[in-house]
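Every number in this text was worked out from the coordinates using simple rules, so none of it is lab data. Please read all numbers here as calculations on a predicted model, not as lab measurements. Neighbour counts are summed over all protein chains in view; Cβ atoms, including those assigned to glycine, are modelled from backbone coordinates with ideal geometry.
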Amino acid sequence: MDKTAGGKMTIRGIEHIGITVTDIQQAKQFFTNALGASLLYQLVSPDDKDDSIAGDNMAPLNGFPSELKVTGLAMLRLANGCNVELFQTEPAAKDHQANPSQPGINHFSLYVDDIHEAGERMRAYGAKMFDGPSDCFAQEQGKGNQTWFCMTPFGLLIELISLPSPLSYDLHTTATRWIPTQSSEQE
């Protein structure tokens, strides 16, 4: 386990998640319009055909296939949580319909105060809302504790969650679940 000299973990939390999409413009519009994300910057502009990163340059850094190239790369800030990095490749990646039965990361969850409003906003921008909202169960059960899944137009599974009531924890738990604080401004 990697520790600092003082013996504390150096991990603070998730800083960003990376998502590869077929159409970065569509994904940016969804994140900014449906989720209120802010576009921070574009490292590679999909509008500039000469602006790309060769796969050979990225392969030694992160295993990116050397035969591909990055044709779009943007960083967005998602409310009071982690950032989202969007990638577009050439040849284009094929969007797929994510679901929890697939290995690896299959969805992420957004904490919302009004699950109905958030779901309707996502639906207005092209998301397919699954049945819901659904009441949470087991340790997450409580008045107003609900979850609601959707599929974005580009195949990303997102869970909306609201947990206004306290959660129950296992007997020997040493931590509590992190829930984003309410914030009127982004830091």
> Setting aside same-chain residues fewer than 8 positions from Lys94, which aspartates and glutamates have a Cα under 18 Å from its Cα?
Replying inline: Asp23, Glu67, Glu85
> Can you tell which of Phe64, Phe130, Phe149 shows the greatest fluctuation in a Gaussian network model of the chain with Cα springs below 10 Å?
Replying inline: Phe64
> Could you work out the helix-only [θ] at 222 nm for the chain, with each DSSP H run of four or more residues adding -39,500 (n - 2.57) and the total divided by the number of residues, to the nearest 500 deg cm²/dmol?
Replying inline: -4500 deg cm²/dmol
>> Which order do the peptides 71-84, 91-104 come out in when sorted by mean C-beta neighbours inside 10 angstrom, highest first?
In response: 71-84, 91-104
> Rounded, prolate or oblate: which one fits the range 88-142, using the alpha carbon gyration tensor with axes a ≥ b ≥ c (rounded when a/c is under 1.5, else prolate when a/b beats b/c, else oblate)?
Replying inline: oblate
> Remind me, what semi-axes does the range 96-187 give for its equivalent ellipsoid, largest first in whole Å, using sqrt of 5 times each Cα gyration tensor eigenvalue?
Replying inline: 24, 17, 14
> Taking K and R as +1 and D and E as -1, what net charge do the other residues with C-beta under 11 Å from the C-beta of Asn83 add up to?
Replying inline: -1
